[in-house]
1. For a quick check: with amide H placed at 1.01 Å from N, whose amide H comes under 5 Å from residue 114's, ignoring anything fewer than 5 positions away on the same chain?
2. How high is the relative contact order of the range 2-153, in percent, with contacts defined as C-alpha pairs under 8 Å that are six or more residues apart?
3. 7 Å from Cα along Cα→Cβ at both residue 47 and residue 8: what's the point-to-point distance in nm?
4. If you plug each phi of the range 109-117 into the Karplus form 6.51 cos²θ - 1.76 cosθ + 1.60 with θ = phi - 60°, what whole-Hz ³J(HN,Hα) values come out, in order, with x for Gly and Pro?
5. At 25 °C and a viscosity of 0.890 mPa s, what translational diffusion coefficient does Stokes-Einstein give for the range 2-153, taking Rh as the Kirkwood radius over Cα pairs? Give it in µm²/s as a whole number.
Amino acid sequence: MNRIIDTIDVTAPIGPTFDLAADVERWPAILPHYRWVTIRERRPDGTTVVEMSANRPFGPINWPTWWTSEMGIDRDRREVRYRHVRGVTTGMEVIWRLTPRAGGVHIDLIHDWDGPGWLPIGRGIVAAVIMRIFVHGIAWRTLAGIKRKAELSA
């Protein structure tokens, strides 16, 4: 299993910061690298199927990415969880975990993935490359954008 953990500390109250992390429909308006987010289904169990697209910049070139996830929000535990169900990263598990700290909140953004299921060999190597280059690049920009918006709003 390949794991990438991105973290950031935010100097803002945990409630509004959690709301920003969980309200993915607003992300394209507050995160410039997000191209679009579309809610595909709201299930009775509270799970939301969400289709997302973000750019991964490489200098002046933006590489478009796309995936669909089942998203669950646990306000008591201050976690947002995703399971990628379509796209290159199908099978990826993602956890946003927000923890209160003095003066604000600490965010852990955890991605776990074995690699593309359609690839018979070398899945781990492919997963490591995709996670380090694409997932980390997008995750870090997302965390920085959430931090920026939360701190400006505090």
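What follows is calculated from the coordinates using simple rules that are stated; it is not laboratory data. In this text the structure is predicted, and so the values were computed from the model without any measurement. Cβ placement follows ideal geometry from the backbone for every residue including glycine, while neighbour counts extend to all protein chains displayed.
1. 2
2. On the way: 300 pairs, mean separation 44.2, N = 152.
Dividing the mean separation by the residue count of the range 2-153 yields 29 percent.
3. 2.8
4. 10, 10, 10, 10, 7, 8, x, x, x
5. Values: Rh = 15.8 Å.
So the translational diffusion coefficient is about 155 µm²/s.
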